[in-house]
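Novice: I have a structure here, written as structure tokens, and I will follow up with some questions on it.
The values are calculated or read from the model by the stated rules, or taken from the named source; none is laboratory data. Owing to the predicted nature of the structure, the values given are computational and were not obtained by experimental measurement. So basically every Cβ, Gly included, is an ideal-geometry build from the backbone, and we count neighbours across all protein chains shown.
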Amino acid sequence: MQGAEKRVVGRRSVLRYTAGATSVVGLSALAGCIGDEGDNGNGNGNGNGNGNGNGNGNGNGDSDLDEITITLSQFPDTIDPLDHITGDYFDVFDHIYEPLFDFEPGEGIFPRVAESWEAQDDGTTHIELRNDVVFHNGDDLTAEDVAWTINRTVDPDIGVVSPIGTFGLGSIEGAEAIDDTTVSISYGASAGLAEFEFGNYARAINQQWAIDNYDAENEAIAGADAEDFNGTGPYQVVDFTSGEEIVVEAFDDYWGEEPPFQQVTFNASGESSGRANALETGEADVTMNILPEDVSTIQDADGVEIRNVTSFRNIFCPMKNTVEPFDSQEFRQAMNYAVDNQEIVDTILSGFGEARGQPVAPGINGFNPDIEPYEQDIGRAESLVEDSGYGGIEIELTAPQGRYLNDAAIGETVADMIDQLDNVSCEVDIVDFGVVSDANQAGVDPDEFEIPFYMIGWGTITGDTDYGVQGFFTIPDNPARTFDDEELSDAILETQQIDDVDERTQALEEVNAMAHEKAPFVFLHTQESIYGVNDVIQWEPREDETIYVWEMDA
Amino acid sequence: MAMRKFLLRRVLQGIIVIWGVVTILFGLRAVSPGDPATLMLGEGASRELVERVREEEGLNEPIYVQYLEYIQGLLTGNLGYSWQSNRQVSAMVIERIPATIELAVAATIVAIVIAIPLGVVSATRRNEPSDYGATLFSLLGISTPNFWLGLMLILVFAVWFGIPYPTVNTSVLALGIVRIPYPTYLGYDFLGFPTGRRAVGFHDAVLAIFLERSFSEMGTWLRHIALPAITLGTYFTALITRLTRSGMIDELGKPYVTATKAKGLPGVLIRYKHVLRNTMIPIITVLGLQMGTLMGGAVITETVFNWPGLGLRLIDALNTRDWPLMQGIIIFIAIAFVVINIIVDALYSTLDPRVSDE
């Protein structure tokens, strides 16, 4: 069984040692880490700062950086961790309500609250939990809690109506406690796919607490005070101001390693410039979603820096193939040849992106490294349009504003590039994101949708290609698909039943190659995640847009 | 009696205005793009789930049924639940009111304290340098966009003056221009305004003074509110300065001023007691109306400074398309506007009894 019995301690230690060794003034940090494996690795002492011995200037009054502030772009206004499938929410909640597993982009899942797991032959996997995990309210974590949490997530009749259940845990059918520490999870797909799902979305929630705080009228766990939170995570909530901030402190009875900072404040600022300012003045130590235009401001400031990574979020333009002219593969390919992805990345995104020619990003299980992006070739595009029989056609691209990095400008440029073909005229319609979201949900029945060609983004956050393709391309039981093609759909469905991990990965790579060829999207790029970070913090951003404090050090 | 009738008429008009706002909001929600159920659930929700939510939320009902149910809810004080947080909208609105009131009042105080003396000086020293200065200030104040002013204030007072300059000499530090690095100068981090947020509420700052004899919380509150209050108050200040100036000039030319001068009353008494009082009527109207505007949002200022008031919550609700919350906030703003208008009318008729007779 892949990943079974792997130990999380080794991975974290490696991360810490690596970060310590590569830091500018890493000697003291390294000394701190080596000196005491049991401590929080916070051994940098004084003088780490900005290299001039004058402290880090982050406004916290302590160069050891015992407390940090993380400024997100959106703030969780609920205490129910199963309510939303939003990255910013998980960034906060995962420190409080613990996931059963650690997910490492490109690596798979690793034990966390779960100690080991083993697939059975009967469509179930048995997960063995640690026996020393306690909730912040003092209750022990039991297999009953975990089974109930999974059932609450996948069964709307007993839980909150949330896309986590239907999408994140889509193939999971239910769970039951076998004994005090063993949970059996049942699923309707291959063990490998189920593993990616429960590896990301299974969490440890206290059943009795959840029932006590359940707001029946509202079908959610409700509360507005710090003490209303109750997880098993390394941090417990000490202050919660709805819509403003959550302050957490290290939980004394945490089963694992002591987290690197005694106190962490999570807050949010909706504006990129606001987040950049907060970072510069030391009011924030880590901020996310910095726009390319604010990057130079941070790069020019002392004591802070930009760190970026190619994320799991691809941006593309679906073309619904049940209407003209998108029913022609030649036409769809022509649209891809019309667009210069690299130019868009270089100019509109200031280089913060990577041109892409398949539905998922590197690091995702099944990403096909042999597929190159379509390269702009106007002559070939025009000739393919002629072959398709749609020469002279007029089309319209609908693009959102304010949802993705410089989305409206990208939409306008894509439309302009298509418009420069002699035999296609393309207009752009910039709309509210809700319009695009609706278009994406409207399915492929021509009577049901009005917008066949639009721009949207998708983050394959489970780390598996299935999450990035099945919603768009599979046919049975999926009225919200955007592309109608039996061959592609069958190929995806087959991968869902392959148990052998390597074989499944290979099959997913073929799915991505097939998608490139059939061109259901105008493939654009993989978006970069851009963070502003206090430069005393040793931390490398992750492809899955997740921020874990325990992966940081200072 | 006339006064009571006058106010009653105003209250009835106010109710009609609020009903109009509610209806328009409901209409906008009905015609706005984006399916509410999809918006609630986010990208990636299955169609079955969307259908289930539509059913549960009554979104499949005819529009008029939804409208009547919404009105019925409002009449019983139920503004519904936020789609994002699942909390009661009324609670989410109420908890943000203090921050907005603080900001609105602080901005108004900034405006009154600066604008009225400036206007009086400007009117009594016409065509002198102080008058030109006040006029230029008004022009700039009215013409400067709020968001730009806010960003500039943050840039200068929070970012430039807020970051540490280790090599700066102590005389500059003593002037209080530059925030110093650790350890802070004399143990007090006296400089560098925050870029935003409200670290402590006014209520708590006052309590700290009385209960703990500590002024530090009040200091924190003042530091946090200073830049937003100036940003929000600048336009207001400019407006009131101009109004005061022109009102004073009008009044100063009237015969009663000559009469008071002839009686030998001191100039200061004439200007501030008699003339200013008569100038106050249009100023109170504007103050009242502007208070409504400030209360009802200060949306831009709150967004720029991340000030956790109603305006910021409204922007958050707009960004996440949280319709129930959006509606709740706007309805509250409408009510605040109407109530403030009625209060202004009442004050107006007290100051000038002819108003209620008309």
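Novice: For region B:190-221, name all the residues that are part of a helix (DSSP H, G or I) and either surrounded by fewer than 16 Cβ atoms within 10 Å (Cβ to Cβ) or within 14 Å of chain A (Cβ to nearest Cβ) (or both).
Specialist: Within region B:190-221, B:203, B:204, B:206, B:207, B:209, B:210, B:211, B:212, B:216, B:219, B:220 meet the criteria.
Novice: May I pose another question? Restricting to region A:284-307, name every residue that is part of a loop (DSSP other than H, G, I, E, B) and more than 10 Å from residue A:534 (Cα to Cα).
Specialist: Selection gives A:288, A:289, A:290, A:291, A:301.
Novice: Please pick out the residue among A:103, A:167 that is at pLDDT below 95, buried (at least 22 other Cβ atoms within 10 Å of the Cβ) and within 22 Å of residue A:462 (Cβ to Cβ).
Specialist: So the residue among A:103, A:167 that is at pLDDT below 95, buried (at least 22 other Cβ atoms within 10 Å of the Cβ) and within 22 Å of residue A:462 (Cβ to Cβ) is A:167.
Novice: Any residue at all in region A:247-254 that is hydroxyl-bearing (Ser, Thr, Tyr), away from every other protein chain (no Cβ under 14 Å) and in a loop (DSSP other than H, G, I, E, B)?
Specialist: Yes, some residue in region A:247-254 is hydroxyl-bearing (Ser, Thr, Tyr), away from every other protein chain (no Cβ under 14 Å) and in a loop (DSSP other than H, G, I, E, B).
Novice: Suppose we filter region B:86-106 for residues that are of a type in the set (S, T, N, Q), in contact (Cβ under 8 Å) with a residue 40 or more places away in the chain and either under 16 Å from residue B:340 (Cα atoms) or at the interface with chain A (Cβ under 9 Å from one of its Cβ atoms) (or both); how many remain?
Specialist: Residues flagged as of a type in the set (S, T, N, Q), in contact (Cβ under 8 Å) with a residue 40 or more places away in the chain and either under 16 Å from residue B:340 (Cα atoms) or at the interface with chain A (Cβ under 9 Å from one of its Cβ atoms) (or both) within region B:86-106 amount to 1.
Novice: State whether one or more residues within region B:69-83 are among the aliphatic types (A, V, I, L, M), within 14 Å of chain A (Cβ to nearest Cβ) and surrounded by fewer than 20 Cβ atoms within 10 Å (Cβ to Cβ).
Specialist: No: zero hits.
Novice: Select from region A:305-323 the residues that are among the charged types (D, E, K, R) and buried (at least 23 other Cβ atoms within 10 Å of the Cβ) and write down the one among them that is farthest from residue A:362 (Cα to Cα).
Specialist: Top of the filtered list is A:320.
Matching residues to (1) over 23 Å from the mean Cα position of the chain (by Cα); (2) modelled with pLDDT of 95 or more; (3) part of a helix (DSSP H, G or I):
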{"site": "A:466", "(1), (2), (3)": "no, no, yes"}
{"site": "A:470", "(1), (2), (3)": "no, no, yes"}
{"site": "A:475", "(1), (2), (3)": "yes, no, no"}
{"site": "A:490", "(1), (2), (3)": "yes, yes, yes"}
{"site": "A:509", "(1), (2), (3)": "no, yes, yes"}
{"site": "A:517", "(1), (2), (3)": "yes, yes, yes"}
{"site": "A:523", "(1), (2), (3)": "no, yes, no"}
{"site": "A:529", "(1), (2), (3)": "no, no, no"}
{"site": "A:542", "(1), (2), (3)": "no, no, no"}
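Novice: Return yes or no: is residue A:281 β-branched (Val, Ile, Thr), crowded, with 18+ Cβ neighbours inside 10 Å and under 19 Å from residue B:154 (Cα atoms)?
Specialist: yes
Novice: If you check residue A:388 against the conditions, is it farther than 19 Å from residue A:458 by Cα and surrounded by fewer than 19 Cβ atoms within 10 Å (Cβ to Cβ)?
Specialist: In short, no.
Novice: Taking region A:350-404, which residues are assigned to a strand (DSSP E or B) and acidic (Asp, Glu)?
Specialist: Within region A:350-404, A:354, A:394, A:396 meet the criteria.
Novice: With the condition being touching a residue at least 12 places away in the same chain (Cβ under 8 Å) and hydroxyl-bearing (Ser, Thr, Tyr), I'd like the strands (runs of 3 or more DSSP E) fully within region A:87-152 carrying at least 2 qualifying residues.
Specialist: Here the list reads A:124-129.
Novice: Starting from region B:298-323, take each residue that is at the interface with another protein chain (Cβ under 10 Å from one of its Cβ atoms) and surrounded by fewer than 24 Cβ atoms within 10 Å (Cβ to Cβ) and list its partners that are polar (S, T, N, Q) and in a helix (DSSP H, G or I), counting only C-beta distances under 8 angstrom and pairs at least six apart or across chains.
Specialist: Filtered contacts from region B:298-323: B:315/B:303.
Novice: Which of the residues belonging to region A:455-513 are of a type outside the set (Asp, Glu), buried (at least 18 other Cβ atoms within 10 Å of the Cβ) and over 21 Å from residue A:172 (Cα atoms)?
Specialist: Listed by number, the residues that qualify are A:455, A:456, A:457, A:458, A:482, A:483, A:488, A:507, A:511, A:512.
Novice: Using the structure shown, decide if residue A:416 is assigned to a helix (DSSP H, G or I) and within 27 Å of residue B:320 (Cβ to Cβ).
Specialist: no
Each row is one residue, and each column tells you yes or no for (1) of a type in the set (A, V, I, L, M, F, W, C); (2) in contact with a Ser or Thr (Cβ under 9 Å, 6 or more places away or on another chain).
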{"position": "A:344", "(1), (2)": "yes, yes"}
{"position": "A:357", "(1), (2)": "no, no"}
{"position": "A:367", "(1), (2)": "yes, yes"}
{"position": "A:374", "(1), (2)": "no, no"}
{"position": "A:380", "(1), (2)": "no, no"}
{"position": "A:395", "(1), (2)": "yes, yes"}
{"position": "A:399", "(1), (2)": "yes, no"}
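Novice: Would you confirm whether any residue within region B:10-28 is among the basic types (Lys, Arg) and away from every other protein chain (no Cβ under 12 Å)?
Specialist: yes
Novice: Assess whether residue A:223 counts as being within 12 Å of another protein chain (Cβ to nearest Cβ), at pLDDT below 90 and more than 15 Å from residue A:73 (Cα to Cα).
Specialist: yes
Novice: Still on this model: Going by the structure shown, is residue B:112 farther than 30 Å from residue B:70 by Cβ and more than 14 Å from every other protein chain (Cβ to nearest Cβ)?
Specialist: For residue B:112, the condition - farther than 30 Å from residue B:70 by Cβ and more than 14 Å from every other protein chain (Cβ to nearest Cβ) - is met.
Novice: Here's something else I'd like to know. Of everything in region A:230-239, what is buried (at least 19 other Cβ atoms within 10 Å of the Cβ) and either part of a strand (DSSP E or B) or within 14 Å of another protein chain (Cβ to nearest Cβ) (or both)? Give them in sequence order.
Specialist: A:235, A:236, A:237
Results for (1) touching a strand residue (DSSP E or B) at 6+ places or on another chain (Cβ under 9 Å); (2) within 30 Å of residue B:58 (Cβ to Cβ), shown as yes or no for each residue.
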{"residue": "B:81", "(1), (2)": "yes, yes"}
{"residue": "B:89", "(1), (2)": "yes, yes"}
{"residue": "B:93", "(1), (2)": "no, yes"}
{"residue": "B:96", "(1), (2)": "no, yes"}
{"residue": "B:102", "(1), (2)": "no, no"}
{"residue": "B:113", "(1), (2)": "no, no"}
{"residue": "B:125", "(1), (2)": "no, no"}
{"residue": "B:137", "(1), (2)": "no, no"}
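Novice: Now for a different question. Yes or no: region A:420-443 includes at least one residue that is under 25 Å from residue A:511 (Cα atoms) and in contact with a Pro (Cβ under 6 Å, 6 or more places away or on another chain).
Specialist: Yes: one or more hits.
Novice: Let me spell it out: the conditions are (1) under 30 Å from residue B:150 (Cα atoms); (2) touching a Ser or Thr at 6+ places or on another chain (Cβ under 7 Å); (3) within 14 Å of chain B (Cβ to nearest Cβ), and residue A:200 meets all of them except one. Which number is the exception?
Specialist: Failed condition: (1).
Novice: Something else: Which residue pairs have Cβ atoms under 6 Å apart, sit 6 or more places apart or on different chains, and have a first residue in region A:410-437 that is within 14 Å of another protein chain (Cβ to nearest Cβ) and a second that is assigned to a helix (DSSP H, G or I) and surrounded by fewer than 20 Cβ atoms within 10 Å (Cβ to Cβ)?
Specialist: Hits for this filter: A:430/A:408.
Novice: While we're on this one: Consider region A:277-303. How many of its residues are over 21 Å from residue A:538 (Cβ atoms), within 13 Å of chain B (Cβ to nearest Cβ) and in contact with a helix residue (DSSP H, G or I) (Cβ under 6 Å, 6 or more places away or on another chain)?
Specialist: 4
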